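As structure tokens, the structure follows; a few thoughts come after it.
The values are calculated or read from the model by the stated rules, or taken from the named source; none is laboratory data. If you're wondering where the values come from, they're calculated on a predicted model, not measured in any experiment. No Cβ is skipped: glycine too gets one built from the backbone with ideal geometry, and neighbour counts run over all protein chains shown.
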Amino acid sequence: MKVGKIIKVSGPLVVAEGMDEANVYDVVLVSDNRLVGEIIEMRGDRASIQVYEETTGIGPGDPVYTTGEPLSVELGPGLLEAMFDGIQRPLEEFRVKSGDFMTRGTKVDNLNREKKWNFTPTVKVGDVVEEGDVIGTVQETPLILHKILVPIGVRGTVTSIEEGEFTVVDEICVLDGEKRLQMMQKWPVRKGRPFKKKLNPDVPLLTGQRVIDTFFPVAKGGTAAIPGPFGSGKTVVQHQLAKWADTEIVVYVGCGERGNEMTDVLMEFPEIIDPATGESLMKRTVLIANTSNMPVAAREASIYTGITLAEYFRDMGYSVAIMADSTSRWAEALREMSGRLEEMPGDEGYPAYLASRAAEFYERAGKVICKGSDNREGAITVIGAVSPPGGDISEPVSQATLRIVKVFWGLDHALSYKRHFPAINWLNSYTLYQTKMDKWMAENIDKDFAKNRAKAMSLLQEEASLQEIVRLVGRDSLSYEDQLKLEATKSIREDYLQQNAFHDTDTFCSHAKQNKMLKLVLEFYDLGMKALEKGVYLKDIEKMKVREKIARSKYIDEEELYKIDDIITELNGAIEKLIQEGGILDA
Amino acid sequence: MIYMFKVGVIGDKDSVLAFKALGVHVFTVSEGDEARKMVDTLARTNYGVIFITEQIASLIPDTVERYDKEIIPAVILIPSNQGTLDIGIRRINENVEKAVGSNIL
């Protein structure tokens with residue numbers, strides 16, 4: 001291939017001429033340090049290249065070598081538990097080779113080439129396989145059975161297949177006597193992996209977070225966005241979802257955020273034990289880190305790298321959740337590159353194609369029937385954090401995101417200031433999956449769940465308007481019914497919606513527990529109203545001892561849910577007693 | 001037939017017994033709980049005006065407040081035979097202040 005020559009360097013953007021043989025989106029190696037870069041624009045024989053590493057010391061005249069390949073990730077055993085940078089280079093190997101900070105031009109293989117995996121074939125000689133078929137499996141971690149798939153575009157009859165210990169590049173299977181397959185395959189990150197058919201997402205993703213699962217559920221295969229100002233808990237919500245979401249695989253993309261947040265993930269995840277399997281949660285997690293001090297161009301790629309890995313696991317028939325924290329930093333990386341390319345800026349300097357790029361990313365989510373003859377179903381749920389400056393979501397990144405995603409969890413600074421966590425504002429958040437999720441809840445959890453949810457939500461909405469009156473003329477001017485309503489919504493807010501991410505029991509709440517707790521807090525309102533009607537004093541209702549137990553019901557273990565039923569019984573008894581004592585029964 | 005409300009008076013025996021002469025129903029009570037129930041019961045049984053002595057009313061502020069917002073019954077505080085505690089007049093003053101903005105009495 002022809003070698004190009006650099007004529008301009010502007011931060012991570014390098015312009016080289018003599019590149020007429022290269023194509024846009026090809027990976028190139030810049031200068032004799034062989035820094036990885038990608039062509040993002042071609043004009044005549046001039047290529048604009050975004051370089052994924054520090055470009056200090058590079059100048060005009062330096063050579064540019066074309067590889068003729070698009071930016072690709074390597075897919076195969078070895079992905080789980082690992083931490084990669086934005087273009088899938090393993091950070092651990094980096095550390096071994098070059099110390100705590102990345103040295104440029106270090107060459108490492110994306111997947112470990114030496115490690116041997118125990119490959120068990122699932123097809124035999126003579127079987128006809130098509131693209132996406134499973135030819136064998138590797139027990140990558142105790143949690144995840146890594147399925148080795150026939151690469152896209154390959155089909156044929158198995159003429160030989162091996163069993164035993166192999167590295168990812170060893171030949172394990174031959175099709176038609178000539179197509180040699182290894183465990184590893186490559187896929188360009190900017191291209192979505194194909195599937196047979198997209199399905200309508202209809203199963204909720206259990207996140208264990210009450211405000212999300214009850215009020216704003218996201219479907220498996222859906223898309224959600226978490227916009228919020230600084231310090232409102234975006235990262236904690238993302239971590240909680242990564243920890244507790246009931247998906248088989250989690251891909252966590254730390255994109256332009258603080259390094260210590262990734263450290264938190266690295267420190268905390270191995271300690272959390274998945275209750276279903278007794279294994280560490282890290283064993284189902286892939287981390288992609290491009291922290292704020294890492295090269296900005298790789299930040300742009302990290303999102304695509306992440307979703308391509310997610311798609312690979314989806315194609316195995318797994319349900320995958322990908323968290324991107326935060327897509328604003330990714331958009332800022334786009335803006336930086338766009339500025340250096342001297343493109344015409346759009347809103348707030350973001351490139352005009354911001355919305356289409358964001359859509360491209362989110363549209364790779366979905367529940368699909370995967371390629372392959374066994375019609376397995378896989379799903380990718382995308383959850384993106386957005387950090388709008390000043391918390392004002394009328395900025396381009398938030399708006400571009402909200403146009404695509406179906407669930408919006410609006411974090412509220414006022415709530416986090418009040419120490420109400422998760423600080424998801426119940427008045428402006430929404431989900432477009434509600435009807436489907438209600439149906440699923442009715443079939444699988446409780447037929448009254450949707451009714452209770454709607455009731456709790458309408459109480460919360462009424463509370464907002466009552467609060468305005470309270471601010472004007474004081475709480476005492478409200479009727480007793482309205483004052484009780486305020487008490488009940490306070491209970492919904494504090495006893496139900498607030499959830500402590502750092503409490504052993506409260507950090508995760510199953511659907512069954514949510515259902516019972518919701519019933520409990522609503523029962524307090526219903527019975528309270530009944531008592532008021534019978535002439536019981538509001539003060540006596542407010543002072544009931546059992547209310548403390550309602551407040552503590554969130555700390556009841558998942559195994560002891562009958563205790564919540566006991567509290568409902570006790571509440572009924574207490575109200576009965578109040579009516580007997582203070583009510584006017586014979587009126 | 002015109003719908004008629006009844007008038008009741010609640011208080012200690014010495015203070016309220018004389019109301020009988022006026023045809024007002026007299027209910028004698030001596031402690032808070034008893035008074036509270038009595039007021040609630042009267043309110044539910046078609047009493048339009050309930051007089052209550054300040055001494056008794058001071059024991060059950062919640063109950064008195066409860067009927068503040070309702071048109072019927074009117075709970076009116078009266079002094080007892082031991083003199084006045086000024087609660088009644090204070091309440092009137094407060095209401096006037098709320099209604100017209102300053103105390104014009």
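Some notes on this structure:
- Failed item, numbered, when A:Q461 is tested on (1) at pLDDT 95 or above; (2) of a type outside the set (S, T, Y); (3) under 24 Å from the mean Cα position of the chain (by Cα): (3)
- Breaking point among (1) free of Cβ contacts under 8 Å to residues at least 40 places away in the same chain; (2) among the small types (G, A, S); (3) more than 24 Å from A:A82 (Cβ to Cβ), for A:G259: (3)
- Members of region A:132-152 that are within 24 Å of the chain's Cα centre (by Cα) and hydroxyl-bearing (S, T, Y): A:T141
- Being closer than 15 Å to A:I212 by Cβ, away from every other protein chain (no Cβ under 14 Å) and among the charged types (D, E, K, R) is not true of A:K519.
- A:Y525 touching a Ser or Thr at 6+ places or on another chain (Cβ under 9 Å) and within 14 Å of another protein chain (Cβ to nearest Cβ): no
- Meets criteria (within 29 Å of A:I135 (Cβ to Cβ) and outside any helix (DSSP H, G or I)) for A:G208: no
- Residues (within 14 Å of chain A (Cβ to nearest Cβ), closer than 22 Å to B:K6 by Cβ and not in a loop (DSSP other than H, G, I, E, B)) located in region B:51-77: B:T63, B:V64, B:R66
- When A:L478 is tested against (1) surrounded by 13 or more Cβ atoms within 10 Å (Cβ to Cβ); (2) touching a residue at least 40 places away in the same chain (Cβ under 8 Å); (3) of a type outside the set (S, T, N, Q), only condition (2) is not met.
- Hey, A:F508 away from chain B (no Cβ under 14 Å) and crowded, with 19+ Cβ neighbours inside 10 Å or not: yes
- Total residues in region A:535-583, condition over 41 Å from the mean Cα position of the chain (by Cα), more than 21 Å from A:D482 (Cα to Cα) and either within 14 Å of another protein chain (Cβ to nearest Cβ) or of a type in the set (V, I, T) (or both): 2
- Of A:L175, A:L143, all but one fail to be touching a Gly at 6+ places or on another chain (Cβ under 7 Å) and surrounded by 16 or more Cβ atoms within 10 Å (Cβ to Cβ); the exception is A:L175.
- A single entry from A:P188, A:P204, A:P194, A:P217 fulfils the requirement of being under 24 Å from A:L75 (Cβ atoms), touching a residue at least 60 places away in the same chain (Cβ under 8 Å) and in contact with a strand residue (DSSP E or B) (Cβ under 7 Å, 6 or more places away or on another chain): A:P188.
- Residue, farthest from A:L459 (Cα to Cα), within region A:471-505, restricted to residues that are acidic (D, E) and away from chain B (no Cβ under 14 Å): A:D504
- In region A:356-375, the residues that are closer than 27 Å to A:T435 by Cβ and buried (at least 19 other Cβ atoms within 10 Å of the Cβ): A:A358, A:F361, A:Y362, A:R364, A:A365, A:G366, A:K367, A:V368, A:C370
- A:F94 aromatic (F, W, Y), modelled with pLDDT of 90 or more and crowded, with 16+ Cβ neighbours inside 10 Å: no
- Taking the listed residues B:S30, B:S15, B:S80, the one that is away from chain A (no Cβ under 14 Å), of a type in the set (S, T, Y), more than 26 Å from A:G535 (Cα to Cα) and more than 12 Å from the chain's Cα centre (by Cα) is B:S15, with no other qualifying.
- Condition check for B:D40: facing chain A (nearest Cβ under 10 Å), outside any strand (DSSP E or B) and farther than 17 Å from B:I89 by Cα: yes
- Considered as a group, the residues in region A:213-243 that are modelled with pLDDT of 90 or more and aromatic (F, W, Y) include one that is farthest from A:A456 (Cα to Cα), and that residue is A:F216.
- Answer residue from region B:5-28, given it is touching a residue at least 40 places away in the same chain (Cβ under 8 Å) and part of a strand (DSSP E or B) and is surrounded by the fewest Cβ atoms within 10 Å (Cβ to Cβ) among those: B:K6
- The set of residues in region A:384-415 that are of a type outside the set (A, V, I, L, M, F, W, C), surrounded by fewer than 20 Cβ atoms within 10 Å (Cβ to Cβ) and more than 19 Å from A:A355 (Cα to Cα) comprises A:G390, A:G391, A:H413.
- Selection count where residues are part of a strand (DSSP E or B) and of a type outside the set (D, E), scope region A:23-37: 7
- A:E462 vs. criteria in a helix (DSSP H, G or I), surrounded by 12 or more Cβ atoms within 10 Å (Cβ to Cβ) and within 14 Å of chain B (Cβ to nearest Cβ): no
- Close pairs (8 angstrom Cβ cut-off, 6 or more residues apart or separate chains): without any contact (Cβ under 8 Å) to a residue 24 or more places away in the chain and closer than 17 Å to A:I404 by Cβ in region A:335-364, hydroxyl-bearing (S, T, Y) and in a helix (DSSP H, G or I) anywhere: A:P351/A:S338
- Members of region A:111-156 found to be of a type in the set (V, I, T) and in a loop (DSSP other than H, G, I, E, B), listed by number: A:T122, A:V123, A:V125, A:T141, A:I144, A:V150, A:I152, A:V154
- In region A:239-264, the residues that are surrounded by 21 or more Cβ atoms within 10 Å (Cβ to Cβ) and part of a loop (DSSP other than H, G, I, E, B): A:A245, A:T247, A:G256, A:E257
- For region A:38-59, the count of residues that are assigned to a strand (DSSP E or B), farther than 23 Å from A:V296 by Cβ and not hydrophobic (A, V, I, L, M, F, W, C) is zero.
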